[in-house]
Ligand SMILES: Nc1ncnc2c1ncn2[C@@H]1O[C@H](COP(=O)(O)OP(=O)(O)O)[C@@H](O)[C@H]1O
Ligand SMILES: [Mg+2]
């Protein structure tokens, strides 16, 4: 049975596209047929982060408005089997997404894929609403700061009242917290919110905590989802999160300061 | 049981020259559906004619639920004509502020929403009186089990509001009666939104942005910081709100 998962936040720049790319890739690495759709019409970041921007001929908007077949627009990832990307247009705007058009595309993708990951634009307007409307599950990407938590809270309200599931009175959209750009040093200095603070306010289960990590920018510059970088902590944390999404029990990493062995401690002190 | 204080007093000849007791009466209610229908009184008199004794000098509560969005201009004429036909309008229920004002000006009492007076709805026109009777059994309050998130609004227009999950910053909860939040209250709460000054707000953890009772409010900045995060009850006391910790 296929699942539609929206990666959303309300706020911009929190790591939605990074997360959609990383989780989608991790799910495909686990053998799930996965497609990632870019709903951020006009900005078009997903194909850059996935490194397929030079292979785009047709896009999501062409499929909706111009009679292009879905198979002509889907781009198969060259590195990872089972992974496809549905890029968006940079020249059109969000009004090009019609309710019926999106519905048709999603229904068609459901027949072919196990996971349909929707990368949402920021905000709470039309684009974000289109991205979340069909969701069975929602990954709410949040940074450990008050404004981001507020916006996530707002999005949770919209998910519980405006999604298709809410409108049809079906079982509610299953929500997950993905706390990203978690900078442990700054959290410990009290400059950023702790995981527990965020959980207390949002009161939804945590899917993962992704550390702030230079490897993310590096990977995105290379057009490579960060999970393909074996040395990246963020990549590891995203893989853990994908495992939890598949139902595995995996302990949270990178949320507590690393315990240092005595030798390490002595070494660091003298260094 | 001993003699009541009043009886004791009347024996000894002292005390008050009257006695106040609560009493329960079943009143007829007349729900106004289309008060400006020219056939209104003809239809009503036809109904009354079936049981003239039952209706003679009977106290009647007017129900404004269906018409409160309209202007109450017709109220004076309705009251007058009811009296002409030996029906005694005594009050109004389910009116808007405007309707209530017009009723008071005409010497009518204001009955609380869904009060004891809905037992015999004598609706004029084709209204489902069975449905009305069933809804009278349901309490007018509202119980919310899911979090109320920022940007959301929950209103219990006719009674109390019970919220069994957090109320987020940027969310609003409002009730005609009391508000109970069995979780952190971080948003805004408006109790007694129709002016009930006896309404109260209770919460498990006070972090509210704003508390309001019958239109008198207190913003977060004015809340005693020692009460933050505590179980608190807010009541209206004079021109301000009184906040006290709950045991
Ligand atoms: N865990 C992380 N560590 C460091 N930088 C990150 C991390 N996650 C995201 N970023 C950076 O944050 C910026 C915004 O990320 P992006 O995924 O485009 O956010 P959104 O899609 O929510 O607007 C990018 O420059 C990205 O490289
Ligand atoms: Mg993005």
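The values are calculated or read from the model by the stated rules, or taken from the named source; none is laboratory data. Predicted model only: the values in this text are computed from it and were never measured. Methodologically, a virtual Cβ is constructed for each residue, glycine included, from the backbone with ideal geometry; neighbour enumeration extends over all protein chains shown.
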Scanning the range A:187-197 for residues that are touching a residue at least 12 places away in the same chain (Cβ under 8 Å) and farther than 27 Å from residue B:145 by Cβ, the one nearest to the other protein chains (Cβ to nearest Cβ) turns out to be A:194
Exactly one of A:177, A:156 is more than 25 Å from residue A:94 (Cβ to Cβ), within 14 Å of chain B (Cβ to nearest Cβ) and buried (at least 22 other Cβ atoms within 10 Å of the Cβ), and that one is A:177
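Can you give me the ranges of the helices (runs of 4 or more DSSP H) entirely in the range A:153-211 with at least 2 residues that are within 20 Å of residue A:129 (Cβ to Cβ) and either away from ligand 2 (no atom under 16 Å from the Cβ) or out of contact with any strand residue (DSSP E or B) (no Cβ under 7 Å at 6 or more places or on another chain) (or both)?
In the range A:153-211, the matching helices (runs of 4 or more DSSP H) lie at A:164-168.
Take the residues in the range A:138-152 that are part of a loop (DSSP other than H, G, I, E, B) and touching a strand residue (DSSP E or B) at 6+ places or on another chain (Cβ under 7 Å); name whichever of them is surrounded by the fewest Cβ atoms within 10 Å (Cβ to Cβ). Give the derivation first.
The initial filter retains those residues of the range A:138-152 that are part of a loop (DSSP other than H, G, I, E, B), namely A:143-145.
Next, from what is left, pick out any that are touching a strand residue (DSSP E or B) at 6+ places or on another chain (Cβ under 7 Å): A:143-144.
On the way: A:143: 25, A:144: 23.
Only one residue fits best here, namely A:144.
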Enumeration of residues in the range B:160-179 that are under 17 Å from residue B:200 (Cβ atoms) and either in contact (Cβ under 8 Å) with a residue 60 or more places away in the chain or at the interface with chain A (Cβ under 7 Å from one of its Cβ atoms) (or both) = B:176
Please give the number of the condition residue A:169 fails out of (1) within 14 Å of another protein chain (Cβ to nearest Cβ); (2) surrounded by 14 or more Cβ atoms within 10 Å (Cβ to Cβ).
-> (2)
Can you pull out the residues in the range A:22-56 that are farther than 21 Å from residue A:94 by Cα and within 13 Å of ligand 1 (Cβ to nearest atom)?
-> A:22, A:23, A:24, A:50
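Consider the range B:149-160. How many of its residues are over 20 Å from residue A:162 (Cβ atoms) and part of a strand (DSSP E or B)?
Initial filter on the range B:149-160 (over 20 Å from residue A:162 (Cβ atoms)): B:156-160.
Now narrow it down to the ones that are part of a strand (DSSP E or B): B:156.
Number of matching residues: 1.
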Of the conditions (1) more than 14 Å from chain B (Cβ to nearest Cβ); (2) surrounded by fewer than 21 Cβ atoms within 10 Å (Cβ to Cβ); (3) in a loop (DSSP other than H, G, I, E, B), residue A:135 clears all except one; give me its number.
-> (2)
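Do we find that residue B:157 is surrounded by 18 or more Cβ atoms within 10 Å (Cβ to Cβ) and away from chain A (no Cβ under 13 Å) in this structure? Spell out the reasoning first.
On the way: surrounded by 18 or more Cβ atoms within 10 Å (Cβ to Cβ): no; away from chain A (no Cβ under 13 Å): yes.
So residue B:157 does not fit the description; no.
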Do the conditions hold for residue A:34, that is, is it within 14 Å of residue A:227 (Cβ to Cβ), more than 14 Å from ligand 2 (Cβ to nearest atom) and in contact with a helix residue (DSSP H, G or I) (Cβ under 7 Å, 6 or more places away or on another chain)?
-> yes
In the range A:115-126, how many residues are surrounded by fewer than 22 Cβ atoms within 10 Å (Cβ to Cβ) and either within 11 Å of ligand 1 (Cβ to nearest atom) or within 15 Å of residue A:16 (Cα to Cα) (or both)?
-> 3
May I ask you to list the residues in the range A:212-225 that are more than 13 Å from residue A:180 (Cα to Cα) and within 16 Å of ligand 2 (Cβ to nearest atom)?
-> A:217, A:219, A:220, A:221, A:223, A:225
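What number of residues in the range A:138-148 are within 12 Å of ligand 1 (Cβ to nearest atom), within 14 Å of another protein chain (Cβ to nearest Cβ) and in contact with a helix residue (DSSP H, G or I) (Cβ under 6 Å, 6 or more places away or on another chain)?
First pass over the range A:138-148, keeping only residues within 12 Å of ligand 1 (Cβ to nearest atom): A:139-144, A:148.
Now narrow it down to the ones that are within 14 Å of another protein chain (Cβ to nearest Cβ): A:140, A:142, A:148.
Narrowing the set further to residues that are in contact with a helix residue (DSSP H, G or I) (Cβ under 6 Å, 6 or more places away or on another chain) leaves A:140, A:142.
Within the range A:138-148, residues that are within 12 Å of ligand 1 (Cβ to nearest atom), within 14 Å of another protein chain (Cβ to nearest Cβ) and in contact with a helix residue (DSSP H, G or I) (Cβ under 6 Å, 6 or more places away or on another chain) number 2.
To keep it simple, each residue is scored yes or no on (1) over 15 Å from the mean Cα position of the chain (by Cα); (2) away from chain B (no Cβ under 14 Å); (3) crowded, with 22+ Cβ neighbours inside 10 Å.
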residue	(1), (2), (3)
A:199	yes, no, no
A:202	yes, no, yes
A:222	yes, yes, no
A:229	yes, yes, no
A:249	yes, yes, no
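When the residues of the range A:212-252 are narrowed to those that are assigned to a loop (DSSP other than H, G, I, E, B) and in contact with a strand residue (DSSP E or B) (Cβ under 7 Å, 6 or more places away or on another chain), which ends up farthest from ligand 1 (Cβ to nearest atom)? Explain how you work it out, then say what you get.
Quick first cut of the range A:212-252, residues assigned to a loop (DSSP other than H, G, I, E, B) only: A:212-213, A:222-225, A:229-232, A:246-252.
With the extra rule that they be in contact with a strand residue (DSSP E or B) (Cβ under 7 Å, 6 or more places away or on another chain), the set shrinks to A:212, A:252.
Values: A:212: 4, A:252: 15 Å.
The extreme case among them is A:252.
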Residues being at pLDDT 95 or above, out of contact with any strand residue (DSSP E or B) (no Cβ under 6 Å at 6 or more places or on another chain) and away from ligand 1 (no atom under 13 Å from the Cβ): count how many of those fall in the range A:1-21.
-> 1
Considering only the range B:180-211, how many residues are more than 14 Å from chain A (Cβ to nearest Cβ) and under 18 Å from residue B:141 (Cβ atoms)?
-> 15
What pairs come up if the first residue lies in the range A:108-124 and is within 14 Å of chain B (Cβ to nearest Cβ), the second is within 16 Å of ligand 2 (Cβ to nearest atom) and assigned to a loop (DSSP other than H, G, I, E, B), and their beta carbons are under 9 Å apart, counting only those six or more places apart or on different chains?
-> A:123/A:10; A:123/A:11; A:123/A:12; A:124/A:10
